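To keep things clear, I will list the structure first and then write my remarks on it.
The values are calculated or read from the model by the stated rules, or taken from the named source; none is laboratory data. These numbers were taken from a predicted model, which means no experiment stands behind them. No Cβ is skipped: glycine too gets one built from the backbone with ideal geometry, and neighbour counts run over all protein chains shown.
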Amino acid sequence: MNEEIRNKIIELLLSTGRQGMKELLVHMEDKGFFTAPCSGQYHLAKIGGLAEHSLNVYKTACEVHFGLNLPIDSDSTDSLRIVTLIHDLGKMGHHNKPNYVPCILKSGKPSAKPFETNKELLYVPHEIESLAIASRFIELTEEEEFAILHHNGMYGDLKYQLTGKETPLQMLLHFADMWASRVIEKEDK
């Protein structure tokens with residue numbers, strides 16, 4: 001685990017002042033958010049990859065937000081911090097089971113694919129799990145919920161419900177997530 005990334009995420013989320021954030025951060029720590037991989041074999045498929053990805057998404061979203069000269073107020077800044085840093089909470093796992101487990105071949109040797117989705121979990125899209133986890137601890141705005149639920153845009157399971165209903169926060173999160181995973185983290189494949 002990268003302590004610098006962990007500490008930065010904690011600092012940014014606490015700075016929102018959102019009630020229940022301390023409890024959410026304890027849960028994230030307990031359930032492995034800061035040590036979980038971000039994917040099975042693609043971007044940041046390594047210990048601590050999920051936290052690193054989340055911080056990359058936050059930094060990218062800030063650059064785009066400020067680059068477009070969008071209004072800066074505490075509410076929009078807090079929402080940006082929250083959605084970018086917790087949009088993939090569901091990837092840490094749920095029901096006391098990790099989302100990703102080491103991928104071991106039948107021979108007992110590690111696979112070229114470092115992780116695989118945990119076969120002990122029933123399939124629930126990580127966007128939905130992210131909302132379920134966050135909502136146990138903090139109250140999200142309608143726009144924050146929408147952005148997290150649809151952060152995969154037309155690549156997600158809910159693409160048909162999104163078409164034509166995009167919001168600025170959802171589009172910003174989607175772009176930052178795609179840019180981070182497809183450009184910034186490409187070398188970490």
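Key figures
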{"read-out": "Check on ASP75, of a type in the set (Asp, Glu) and exposed (fewer than 14 other Cβ atoms within 10 Å of the Cβ)", "value": "yes"}
{"read-out": "Subset of region 97-149 (residues that are touching a Lys or Arg at 6+ places or on another chain (Cβ under 9 Å), free of Cβ contacts under 8 Å to residues at least 40 places away in the same chain and hydrophobic (A, V, I, L, M, F, W, C))", "value": "VAL101, LEU121, PHE146"}
{"read-out": "Only one of GLN19, GLN41 that is part of a loop (DSSP other than H, G, I, E, B) and farther than 19 Å from SER181 by Cβ", "value": "GLN19"}
{"read-out": "Region 46-94, subset charged (D, E, K, R) and part of a loop (DSSP other than H, G, I, E, B), residue modelled with the highest pLDDT", "value": "ASP88"}
{"read-out": "Residue in region 95-116 that is at pLDDT 90 or above, within 12 Å of the chain's Cα centre (by Cα) and under 23 Å from GLN41 (Cα atoms) present", "value": "no"}
{"read-out": "Residues that are among the basic types (Lys, Arg) and either surrounded by fewer than 15 Cβ atoms within 10 Å (Cβ to Cβ) or at positive phi (or both), drawn from region 1-45", "value": "LYS22"}
